[in-house]
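Coordinate-derived values only; no laboratory data. Bear in mind the structure is a predicted one, so any value in this text is a computation, not a measurement. Note that each Cβ is placed from the backbone with ideal geometry, even for glycine, and that neighbours are counted across all protein chains shown.
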Amino acid sequence: MGTVDITGDSTAVTATLTGTTLRADEHAVSLLLLDAATGKPVAVDYGFVTTRQTDTGGLIQSVSVPLAGVTVPASVRAYLMVDTYPAFRATLAIP
């Protein structure tokens, strides 16, 4: 998987992967956001708004979920999902 850094603000949450071997054509890679206080999912239309950036070889560089029009709690747990496995987790304060 390489190194993962998850960042977020009021506009988006993004996971940046460095040194990864994950290929976009071989894996479903996404983000899942949960309210850190309640554990409930943040209501985002993940399937339609999640974007993935790859390098020229098809390796995943980043995954991003825009937050426009979404009510986001002050603190979220962000999970980088690889296929159906929570591969990495970070807790973020969303300003």
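Neighbours of S30, meaning other residues whose beta-carbon lies under 13 angstrom from its beta-carbon, give a summed charge of -1 when Lys and Arg score +1 and Asp and Glu score -1.
Taking θ as phi - 60° and the Karplus parameters 6.51, -1.76 and 1.60, the scalar couplings of the stretch 17-25 work out to 10, 10, x, 8, 10, 6, 9, 5, 7 Hz in sequence order, x denoting glycine and proline.
Close amide H partners of T54, meaning residues 5 or more places away or on another chain with modelled amide H under 5 Å apart, are Q61. Pair-distance distribution of the chain: all C-alpha pairs, bin width 10 Å, starting at 0; shares per bin in whole percent are 17, 53, 25, 4. Counting Lys and Arg as +1 and Asp and Glu as -1, what is the net charge of the other residues whose Cβ lies under 15 Å from the Cβ of T20? Residues close to T20 contribute a combined charge of -3. Extension gain, T11 to A43, is 10.1 nm, computed as 0.36 nm per intervening residue step minus the present C-alpha separation. Summing +1 for each Lys or Arg and -1 for each Asp or Glu among the other residues whose beta-carbon sits under 13 angstrom from that of G57 gives -2.
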